[in-house]
Amino acid sequence: MKMRSSTPVLLPTEARFKGSNDRIVGRDGNINAGNKQELMHRLLEIAEMVGKGELTKTISEDRRDTVRARREMVRSAYYDESGRQWAELGSAVAAELAEVGEREGFARNLLHRVDVAQGSFPVIDVKQTNVTAVIASSPASIYAQFLKNKKLMPPEFDIVANLLVDERELAQGPSDILEQKFIEGQQQIQVKEDQVWKLAVDATIGAINGNQQQIFGGPFTPGGLGVLFDSVGRWNLQPTSIVMASDAWTDVLTGSNFTGWFDPVSQYEIVTSGYIGRLMGLNVRTDAYREPILRVLNAGEIYVTAAPEYHGALTDRGPVQSKDVPVQRAARGWFLWELISLVVHNPRSVVKGLRSA
């Protein structure tokens, strides 16, 4: 059962575009638009509505799965003396956090994923040597290492979340406690992964053997995109992805500069995962469809990256784990964790652009 629901919201199959009789999403799951230009403008309107909490991010939802039903599920688990229901609910939250992170996370979509078996150490195959890799040693610390061989063994570190349900929360108000805890979990796990990736990438910009930051005055244009594309391509690396903050992404969707270059996605659930189409052959990702507290890009930031196996790697030992934890207050909690490593092993594989106002 999916536990996510924005509040207060309409389903996209019920909501309509402003000043229009068109429902946002048709029965086929696609965004209603008469042509590509209209679709591009509607992508922007949808992002604004999702960001304001006016629209769900899923096109279908069990209508019985109301806020009240979820509150009763939490209440039942909270007061289950055996602890079994609470543990099961925590495991369900952890599983969905892992699923959504795989779909929406920058780190998990831009870096090469490597599974690590129990009893072994992370080993990353490096495509290019004689460059300076940036390696994370904790969620807030990175270091540089010059690569002389094609095997890299990065250190592992924990990313953790502590989620507490206070008894007072059960007694007061009609809020969706489960949704609130899910968003808190995203802040502490998915967002932290993306912040570590961004920290590592930003450290490569202007570094030896890397690319210089490109600053663009005014709106982002196809010419600016070409500069970023060539900055990676000049190293004989094929650019594959572009990650854009909401203001730079708005430049793509408004006006006509990018109409001939942009192939937008029309399937609503894909769009709201942050993948919005292809631009000059690049997969376009944005955090504009996330709740504002879950965004990681600063205004004007644009990144172009090469294919994951040439860019960097993320290892883990399986999905997010959960366990019940005792607390010294009228509350019950879950401790969630994952053990990962993260490395950007080629500074030439990424370039950063900055759109100035």
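From the list Val343, Val320, Val325, Val350, the lone residue that is touching a helix residue (DSSP H, G or I) at 6+ places or on another chain (Cβ under 8 Å), aliphatic (A, V, I, L, M) and open to solvent by 10 Å² or more (accessible area, probe 1.4 Å) is Val320. Look at segment 225-253: where a residue is modelled with pLDDT of 90 or more and among the β-branched types (Val, Ile, Thr) and a partner is part of a loop (DSSP other than H, G, I, E, B) and surrounded by 18 or more Cβ atoms within 10 Å (Cβ to Cβ), sitting 6+ places away or on another chain with Cβ atoms under 8 Å, you get Val232/Asn211; Val243/Leu297; Val252/Phe220; Val252/Phe258. Just one of (1) modelled with pLDDT of 95 or more; (2) closer than 30 Å to Lys127 by Cβ; (3) not in a loop (DSSP other than H, G, I, E, B) fails for Phe216. It is (1). Selection of strands (runs of 3 or more DSSP E) fully inside segment 278-317 by the criterion of at least 3 residues being closer than 18 Å to Val134 by Cβ and within 16 Å of the chain's Cα centre (by Cα) returns 301-306. Gln145 falls short on exactly one of the conditions (1) closer than 30 Å to Trp334 by Cβ; (2) surrounded by fewer than 15 Cβ atoms within 10 Å (Cβ to Cβ), and that condition is (1).
Against the conditions (1) open to solvent by 10 Å² or more (accessible area, probe 1.4 Å); (2) in a strand (DSSP E or B); (3) under 30 Å from Gly353 (Cβ atoms), Ile135 satisfies every one except (1). Residues in segment 240-262 include none that are assigned to a strand (DSSP E or B) and open to solvent by 40 Å² or more (accessible area, probe 1.4 Å). Within segment 27-41, the set of residues being farther than 15 Å from Arg16 by Cβ, outside any helix (DSSP H, G or I) and open to solvent by less than 20 Å² (accessible area, probe 1.4 Å) comprises Gly29 only.
The values are calculated or read from the model by the stated rules, or taken from the named source; none is laboratory data. Given the structure is predicted, the values throughout are model-derived calculations rather than measurements. Positions of Cβ are backbone-derived with ideal geometry, glycine not excepted, and every protein chain shown enters the neighbour counts. Heavy atoms of the whole protein, side chains included, go into the accessibility calculation; ligands, DNA and RNA do not. Shrake-Rupley method; radii C 1.70, N 1.55, O 1.52, S 1.80 Å.
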